[in-house]
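S.K.: Below you'll find the structure I mean.
What follows is calculated from the coordinates using simple rules that are stated; it is not laboratory data. Since we're looking at a predicted model, the values are computed, not measured. Reconstructed Cβ throughout: ideal geometry from the backbone, glycine too, with neighbour counts over all protein chains shown.
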Amino acid sequence: MLTEETRQNYIKHAFATCPFCGSQDIVGGSVEIDGNSASQDVSCSNCISEWRDVFTLTDIEEIRDGRPPFDLEPIKLGLREHATVLAALRLWQANHDSVDEGDLMEIATNGGAFNRLTEAEIDDLCQKLNLGSK
Ligand SMILES: [Zn+2]
């Protein structure tokens, strides 16, 4: 019979030894996944005891966000807003080489989610904004 201490000891030591006899001669079967838990039957070749390792999902780690880049809904700007956006773009473009980090870079890259616009892309955007203002 397994005690709570024996079970916790087994878990702490990365389930490397038989919880009954301490032998390292243990063999695990296939891992069965059921929802957010998984289990694996394990047996000891030394004392022929058998038990089940029970795993619980505790966290996930992002490997890749595969969603395609999205476009925002169109908005209308007032004349002053439009002029300020253009001025800000030209200021950003003029300082393109001197800004490598900081709050503005966070905004321009959506927190590093994508690369900032190149100077040529800013030109295109300014042209697009000018054409859209007609
Ligand atoms: Zn054993």
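S.K.: Using the Karplus curve 6.51 cos²θ - 1.76 cosθ + 1.60 with θ = phi - 60°, work out ³J(HN,Hα) for each residue of the stretch 42-56 in order, rounded to whole Hz, and write x for Gly and Pro.
M.R.: The phi angles translate into 10, 10, 9, 6, 7, 10, 6, 6, 9, 8, 10, 7, 10, 10, 10 Hz.
S.K.: Quick one: divide the alpha-carbon radius of gyration of the chain by 2.2 N^0.38 Å and tell me what you get.
M.R.: Normalised Rg, Cα atoms only: 2.10.
S.K.: Taking Cα atoms, how many degrees apart are the long axis of helix 79-94 and the longest axis of the chain, rounded to 10 and kept between 0 and 90?
M.R.: Helix 79-94 sits roughly 70 degrees off the main axis of the chain.
S.K.: State the answer as a single residue: which of 10, 125, 37 lies farthest towards the positive end of the charge dipole of the chain, with beta carbon charges of +1 for Lys and Arg and -1 for Asp and Glu, about the Cα centre.
M.R.: 125
S.K.: Expressed as a fraction of 2.2 N^0.38 Å, the rule-of-thumb size for a compact globular protein of N residues, what is the C-alpha radius of gyration of the stretch 79-132?
M.R.: On the way: Rg = 11.5 Å, N = 54, 2.2 N^0.38 = 10.0 Å.
Normalised Rg, Cα atoms only: 1.14.
S.K.: Okay, moving on. Compute the relative contact order of the chain as a whole-number percentage, counting only Cα pairs closer than 8 Å that sit 6 or more residues apart in sequence.
M.R.: Worked out over the chain, it gives 11 percent.
S.K.: Same structure, new question: List, in order, the whole-Hz ³J(HN,Hα) value for each residue of the stretch 109-124 obtained from phi through the Karplus relation with A = 6.51, B = -1.76, C = 1.60 and θ = phi - 60°; use x for Gly and Pro.
M.R.: 10, 6, x, x, 6, 8, 6, 5, 4, 6, 4, 5, 5, 5, 4, 4
S.K.: At a Förster distance of 25 Å, what's the computed FRET efficiency of residue 119 paired with residue 72, Cβ-Cβ distance as r, to 0.05?
M.R.: Given R0 = 25 Å and the Cβ-Cβ separation, E is 0.70.
S.K.: Mind checking the dipole of the chain: about its Cα centre, +1 per Lys or Arg Cβ, -1 per Asp or Glu Cβ, Debye to the nearest 20?
M.R.: Using only the charged Cβ atoms, the result is roughly 480 debye.
S.K.: Taking the Cα centre of the stretch 1-63 as origin and charging only Cβ (+1 Lys, Arg; -1 Asp, Glu), how large is the dipole, in debye to the nearest 20?
M.R.: Approximately 280 debye in magnitude.
S.K.: Would you mind computing, in nm to one decimal, how far apart the modelled labels at residue 49 and residue 94 are, each placed 7 Å from Cα along Cα→Cβ?
M.R.: Reported label-point gap for residue 49 and residue 94 is 7.7 nm.
S.K.: Might you list the cysteines of the chain that have no disulfide-compatible partner by the rule of another cysteine's Cβ under 4.7 Å?
M.R.: 126
S.K.: In whole Å, how far is the Cα centre of the stretch 39-60 from that of the stretch 67-112?
M.R.: Value for the Cα centre distance between the two parts: 54 Å.
S.K.: In Å, what Kirkwood hydrodynamic radius results for the stretch 4-56 from the alpha-carbon pair distances?
M.R.: Computed over the stretch 4-56, the radius equals 11.4 Å.
S.K.: Using a simple spin-label model with points 7 Å from Cα along the Cα→Cβ vector, what separation in nm is obtained for residue 30 and residue 130?
M.R.: 6.7
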